[in-house]
Amino acid sequence: MGDMENVRAVVSFVGMRDPYPENDEEAGPLLSLLLAAAKSLQPYDEAWLLCTGGTFLERARDLEREALDEGLSLKFYPIDFPVKDVIDYAEIWALLGRSLGLIQERAGAAPRAWDFLLDSGTPQMKTSLFLAARAGLFPARLIQGIPARFAGGTYKSRE
């Protein structure tokens, strides 16, 4: 891990395409971002993963295994996100506020460069992450991934 001044951390929901979409060999959004960041020599040190149930917690564990198999050395922090309705903005927003507070509490005082990956989860989940950053509720930069098949063969991310 880099020195404490340069800890890079990503926060994302875990989705159905993480770490790989079913019957597809192209890495899903989270694994693609982690691999691309490592190749660009700006690897992430931490991944804080919002998991909406057991299936997504298992996908988070699979993501961690795949990342380690690829030689990445970051820490993974799965966070239980017990939402009942994955398209209910009010419920997602309330739970997201609590979850982001928990992440900040667990992360401690060490300075971090936070990114929110907006590629996994329902549109309502992505919108809630977007709003949390834009409203200044959490000091994060917004990242959107572009799969390799749409970006000239190389996964790209942009703010």
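The values are calculated or read from the model by the stated rules, or taken from the named source; none is laboratory data. Since the structure is predicted, the reported quantities are computational estimates derived from the model, not experimental observations. Neighbour counts run over all protein chains shown; Cβ positions are idealised from the backbone, glycine included. What goes into the accessible areas is simple: the full protein's heavy atoms, side chains included, and nothing from ligands, DNA or RNA. Shrake-Rupley method; radii C 1.70, N 1.55, O 1.52, S 1.80 Å.
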* **Contacts under 7 angstrom Cβ, first residue in region 97-121 being closer than 13 Å to Y77 by Cα, partner part of a strand (DSSP E or B) and open to solvent by 50 Å² or more (accessible area, probe 1.4 Å), 6 or more apart** => R106/Y77
* Asked: Say we look at region 36-59 and pick out the residues that are out of contact with any Lys or Arg (no Cβ under 6 Å at 6 or more places or on another chain) and of a type in the set (F, W, Y); which of these is most open to solvent (accessible area, probe 1.4 Å)?
  -> F56
* Asked: Looking only at region 17-35, which residues are touching a residue at least 12 places away in the same chain (Cβ under 8 Å) and surrounded by fewer than 20 Cβ atoms within 10 Å (Cβ to Cβ)?
  -> Y20, E26, L35
* Structure fact -> By my count, strands (runs of 3 or more DSSP E) wholly in region 61-153 with at least 1 residues that are touching a Cys at 6+ places or on another chain (Cβ under 8 Å) and surrounded by 15 or more Cβ atoms within 10 Å (Cβ to Cβ) are 75-80
* V86, sole failed condition from (1) farther than 23 Å from P123 by Cα; (2) over 15 Å from the mean Cα position of the chain (by Cα) -> (1)
* Flag if E58 is at pLDDT below 95 and of a type in the set (D, E, K, R) -> no
